[in-house]
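Data block below; observations after.
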Amino acid sequence: MIGQELKRRRERLGLTQAELAKRLDVERITIIRWERDQVAIPRVVELALGEIERHQPASGKARKPARS
């Protein structure tokens, strides 16, 4: 994944850099560096982002659990 893709996906989720940093347990400056392609984005971040996307719609609000 490259920085532009990370930024696009973060924005689609409606998250700020600070919010994404908190969810990934990293500093905001790390998100900034990843988005600017100053530091390589670890594969685990792409996997974690996929999990965030699965559990959060594009509006930035958490999904309600499905009824059984």
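Values quoted throughout were computed directly from the atomic coordinates according to the rules given, and no laboratory measurement underlies them. Quantities reported herein were computed from a predicted structural model and do not represent experimental measurements. Note that each Cβ is placed from the backbone with ideal geometry, even for glycine, and that neighbours are counted across all protein chains shown.
Values as computed for the structure displayed
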| read-out | value |
| --- | --- |
| Full-extension gain in nm, LEU47 to ILE2, via 0.36 nm per residue minus C-alpha separation | 14.8 nm |
| Cα-projected label distance for GLN38 with ARG23, points at 7 Å along beta-carbon direction, nm | 2.3 |
| For ILE2, net neighbour charge (Lys/Arg +1, Asp/Glu -1) across residues whose Cβ lies under 12 Å away | 0 |
